[in-house]
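The values are calculated or read from the model by the stated rules, or taken from the named source; none is laboratory data. Predicted model, so just to flag it, every value in this text is computed and none were measured. Here the Cβ positions follow ideal geometry from the backbone for every residue, glycine too, while neighbour counts run over all protein chains shown. Just the protein is used for accessible areas: all its heavy atoms, side chains included, with ligands, DNA and RNA removed. Shrake-Rupley method; radii C 1.70, N 1.55, O 1.52, S 1.80 Å.
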Amino acid sequence: MKSQRLKFYQTGTFTVGNRLLSDEMRSVQATVDRNNSLNSGHRACQGCGEALGARYAVDAVMRATNGQAIAVNATGCLEVFSTPFPESSWRLAWLHSLFGNAPAVAAGVSAAMRVRGKKVTVIGQGGDGGTVDIGFGCLSGMFERNDDVLYICYDNEAYMNTGVQRSGSTPPTAITATTQGVGEHPGQEFGGGKNAPRIAMAHGIPYVATASVADLRDLEEKVTTAVGIRGARYIHIHVPCPLGWGSDPALTIQIARAAVQSGLFPLYEARHGRLVKATKIRRKVPVTDYLQPQKRFAHLFGKTPNVAAIDRIQAIADANIEDYGLLDSHEDPPISLQI
Amino acid sequence: MSTFMPGRKQVEGSHAVAEAIALSRPQVISCYPITPQTHIVEGLSAMVKSGALSPCEFMNVESEFAALSALIGASAAGARTYTATSSQGLLFMAEAVYNASGLGLPIVMTIGNRAIGAPINIWNDHSDSMALRDSGWIQLHAESNQEALDLHIQAFKLAEQLSCPVMVCMDGFILTHAYEEVDMPSQEQVDAFLPPFVPQQVLDPSDPITIGAMVGPDAYMEVRYLLHHKHLQAVEVIENLRKEFKRHFGRDSGGLVSSYRADDAETLVLAMGSINGTIREAVDEMRDEGHRIGSVKLCSYRPFPLEALREALKGAKRVIILEKNLATGLGGILASNTRMALRGLNTPVNTIIAGLGGRPIPKKSVVRAFRQIETGEVEEPHFLDMNWPAIHEAINNRGLVKRRESEAQRVLRSVSGVEVAKPVR
């Protein structure tokens, strides 16, 4: 990432206002000429992490490509809330086909652009259901062929569009409409779910990254990096869903940040299957900071807290911190994170 | 561009189609193997890899669902697109089949017609394309390899003129794997007939549009009607293309329906695809015996040419539909549709269900069935060459057989007379 030395006087915060930076250092979102690719007026819920993530990501794509981009969208919240006919919030060429085929459709768009001699960046995008579940075959095929597509997954950890059902990305103990808060093990079982970015890495594709709506600059930087690379690229963005998670819409960024700062959602980059960079945790927080503001985890914190389950989740976060070297005591990410 | 030798030559049906696709200057081809269409995409793969089709992209994808999905993207991005599939493959891409027509994308796809499992079966019938008959795609059935070749060249023009996808159906193995003489047109001839693709809608960063938006109850019916309207238009366009094709290439191919010895016929037989050759021979044989019989070939199944078919059949006292599909619990699908074309005429319609799962349809059996229908001796629908003793045995044994085996296995044992080996303990 680009850096600039500056002096500032805020204390007790890690945020720095753009006004302290030179123009070229400012984030895309801070510029008046940003594309507003996902324009205002759409029907996303208040505090929607996916809408925020999509605007950040696609605006960064539009800046990096000078507007020469086409988006292919899977079925899901992002598609539904952005395009009630005859309206559309998309300020770029945009195609929606089906729930499970966005990576293949994007690969087809890319092939057509190549054969027609047009230099255009093609992005595919979808939620976790469309990406890690129903679209996974098409995603793996697109990776394996190294098709020239940047695929972005907005992960809110369940099927939100259909009413919050469990997906292959739902974390342990989370209550959804199909993993209810009843029985011996309320919520999603431990041991389920899949790690999509690691599986993407296992394909050996040129670029894989994870990002969070809590870290705008990091997200924009990764998208910009990805746009500069040819072949199959994958960015997995963690996006809180106030509706599905039972969280205050005003806390979307705070909750996303707690996921990163606890180690539950590690931010990293990988090239050709090898981890090349992990973003350090600046101020470590316990996983309870992430879990407690969300009603889907409320059953862990009743009159008799489920200490065993909380400890298991903390162990997952600690393992991530260890594996990716997320704390300063680990100077470099371990070199042998091979898969 | 093309390095093919025009003129008459003896080639496999699949290779004839591959050359016809090549001559049509495709830009993106996707491929997923399934018997019996695979030789077509193999042929095209070789041409793309050698550079003979440049500029053209060939995509080896991971499923039929991806094969059609990739073409949806490529077509929406302005490329002329092609793929081929059969049977399970067509069903596996079913969701995308409806999507392509709903989006109005002029994709051309060959169906190497094959039965659907279970029981798994790789041989020819029309169950696959019939299953997707109301998907909004145009469906044309080829009788011969020459017609298959010609229909593909017509299909691109038809699809692009209407912005509607087209399936060209050809009987698996019977056509796809048969070596027949065909007249291969030259690149100049095809170029003169088929202009470059000009998309009616296209993904373009300099003029961005949204394609595939959600449409609610306020407009969905109208959008579906517009697809219906394309099919109504297609009836006319298909006949015009038949005439135009004849002007360019000098032969009659395609169209809606074609009649044979039908003028004074009391009995008319209607069928689709390669079986029409056998039917015409049966007609000749029965004509020699004094029967007033003729036949009608249906090339365009979707759009279903109600008027043209009624016109072709209305003079007959009796219509026989010979078809390679079965709507379970109902009978023949083509017969049902034909009854709609004949409504109000009181013409008796008999159905012959034949050739399911590749069961041979010999002329002898066809002639026998026609004679029986003329004398009113058959059930409706009539199942050609059905092994009824095996059926009765299987039905009688239902619920009685303690051994754990499937009904298909029991029937196979019954028809083969071979006792299945007992498991060794």
Which ones in region A:285-304 are assigned to a loop (DSSP other than H, G, I, E, B), open to solvent by 70 Å² or more (accessible area, probe 1.4 Å) and either of a type in the set (Val, Ile, Thr) or modelled with pLDDT of 95 or more (or both)? A:Gln292, A:Thr304
If B:Met93 satisfies all but one of (1) away from chain A (no Cβ under 14 Å); (2) in contact with an Asp or Glu (Cβ under 9 Å, 6 or more places away or on another chain); (3) at negative phi, what's the number of the condition it fails? (1)
Of the residues in region A:281-316, those that are under 24 Å from A:Leu243 (Cα atoms), of a type in the set (A, V, I, L, M, F, W, C) and touching a Leu at 6+ places or on another chain (Cβ under 8 Å) come to A:Val287, A:Leu291, A:Phe297, A:Leu300, A:Phe301, A:Ala309, A:Ile310, A:Ile313
Look at B:Pro185 and say whether it is within 26 Å of B:Asn113 (Cβ to Cβ), of a type outside the set (Gly, Ala, Ser) and within 14 Å of chain A (Cβ to nearest Cβ). no
Between a first residue in region A:144-163 that is closer than 23 Å to A:Ala60 by Cβ and a second residue that is modelled with pLDDT of 95 or more and open to solvent by 50 Å² or more (accessible area, probe 1.4 Å), which pairs have beta carbons less than 7 Å apart while being 6 or more apart in sequence or on different chains? A:Asp148/A:Arg230
Long-range neighbours under 7 Å by Cβ, at least six apart or interchain, first residue farther than 20 Å from B:Gln154 by Cβ and assigned by TED's automatic domain parsing to the domain that holds B:Gly315 within region B:252-268, second open to solvent by 10 Å² or more (accessible area, probe 1.4 Å) and part of a strand (DSSP E or B): B:Glu266/B:Arg318; B:Thr267/B:Arg318
Among the residues of region A:47-66, are any under 26 Å from A:Ser212 (Cβ atoms), touching a Gly at 6+ places or on another chain (Cβ under 6 Å) and at the interface with another protein chain (Cβ under 9 Å from one of its Cβ atoms)? no
Residue match in region A:186-208 (condition: of a type in the set (Val, Ile, Thr) and buried (at least 18 other Cβ atoms within 10 Å of the Cβ)): yes
Check B:Thr85 against each of (1) surrounded by fewer than 24 Cβ atoms within 10 Å (Cβ to Cβ); (2) more than 14 Å from chain A (Cβ to nearest Cβ); (3) among the polar types (S, T, N, Q) and name the one condition it does not meet. (1)
Return the residues of region A:112-131 that are touching a strand residue (DSSP E or B) at 6+ places or on another chain (Cβ under 7 Å), in a helix (DSSP H, G or I) and either under 18 Å from A:Ile229 (Cβ atoms) or more than 11 Å from chain B (Cβ to nearest Cβ) (or both); say none if nothing qualifies. A:Met113, A:Arg114, A:Asp128, A:Gly129, A:Thr131
B:Ser69 - would you say it is of a type outside the set (A, V, I, L, M, F, W, C) and away from every other protein chain (no Cβ under 14 Å)? no
Using the structure shown, decide if B:Ser69 is open to solvent by less than 10 Å² (accessible area, probe 1.4 Å) and over 27 Å from B:Ile174 (Cβ atoms). yes
Residue selected from region B:27-56 under the condition out of contact with any Pro (no Cβ under 9 Å at 6 or more places or on another chain) and at the interface with chain A (Cβ under 7 Å from one of its Cβ atoms), by the criterion least open to solvent (accessible area, probe 1.4 Å): B:Val28
Residues within region B:113-136 that are buried (at least 24 other Cβ atoms within 10 Å of the Cβ) and in a loop (DSSP other than H, G, I, E, B), tallied: 5
Can we say B:Ala148 is within 14 Å of B:Ile238 (Cα to Cα) and assigned to a helix (DSSP H, G or I)? no
Can you name every residue in region B:325-341 that is open to solvent by 10 Å² or more (accessible area, probe 1.4 Å) and touching a helix residue (DSSP H, G or I) at 6+ places or on another chain (Cβ under 9 Å)? B:Leu326, B:Ala327, B:Leu330, B:Ile333, B:Asn337, B:Met340
Looking only at residues that are polar (S, T, N, Q) and more than 8 Å from chain B (Cβ to nearest Cβ) in region A:74-107, which one is farthest from the chain's Cα centre (by Cα)? A:Ser89
Residue set A:Ala104, A:Ala44; condition closer than 25 Å to A:Asn146 by Cβ, touching a Ser or Thr at 6+ places or on another chain (Cβ under 9 Å) and among the small types (Gly, Ala, Ser); output residue A:Ala104
Please return the ranges of strands (runs of 3 or more DSSP E) entirely within region B:1-89 where 3 or more residues are under 19 Å from the mean Cα position of the chain (by Cα). B:81-85
Filtering region B:385-404 down to residues that are closer than 22 Å to B:Asn121 by Cα and touching a Lys or Arg at 6+ places or on another chain (Cβ under 8 Å), which residue is surrounded by the fewest Cβ atoms within 10 Å (Cβ to Cβ)? B:Asp385
Would you pick out the residues in region A:18-73 that are open to solvent by 50 Å² or more (accessible area, probe 1.4 Å) and among the β-branched types (Val, Ile, Thr)? A:Val32
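Among the listed residues B:Ala390, B:Ala341, B:Ala394, B:Ala369, identify the single one that is of a type in the set (Gly, Ala, Ser), at pLDDT 90 or above, touching a strand residue (DSSP E or B) at 6+ places or on another chain (Cβ under 8 Å) and outside the structural domain of B:Asn121 (by TED's automatic domain parsing).
On inspection, the qualifying residue turns out to be B:Ala369.
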Could you list, in sequence order, the residues of region A:74-89 that are more than 25 Å from A:Phe143 (Cα to Cα) and open to solvent by 20 Å² or more (accessible area, probe 1.4 Å)? A:Val80, A:Pro84, A:Phe85, A:Pro86, A:Glu87, A:Ser88
Expected output for region B:82-105 (first residue in the same structural domain as B:Phe156 (by TED's automatic domain parsing), partner among the basic types (Lys, Arg) and open to solvent by 10 Å² or more (accessible area, probe 1.4 Å), Cβ below 6 Å, 6+ apart or cross-chain) is B:Ser86/B:Arg114; B:Ser87/B:Arg114
Would you pick out the residues in region A:212-239 that are part of a loop (DSSP other than H, G, I, E, B), surrounded by 24 or more Cβ atoms within 10 Å (Cβ to Cβ) and charged (D, E, K, R)? none
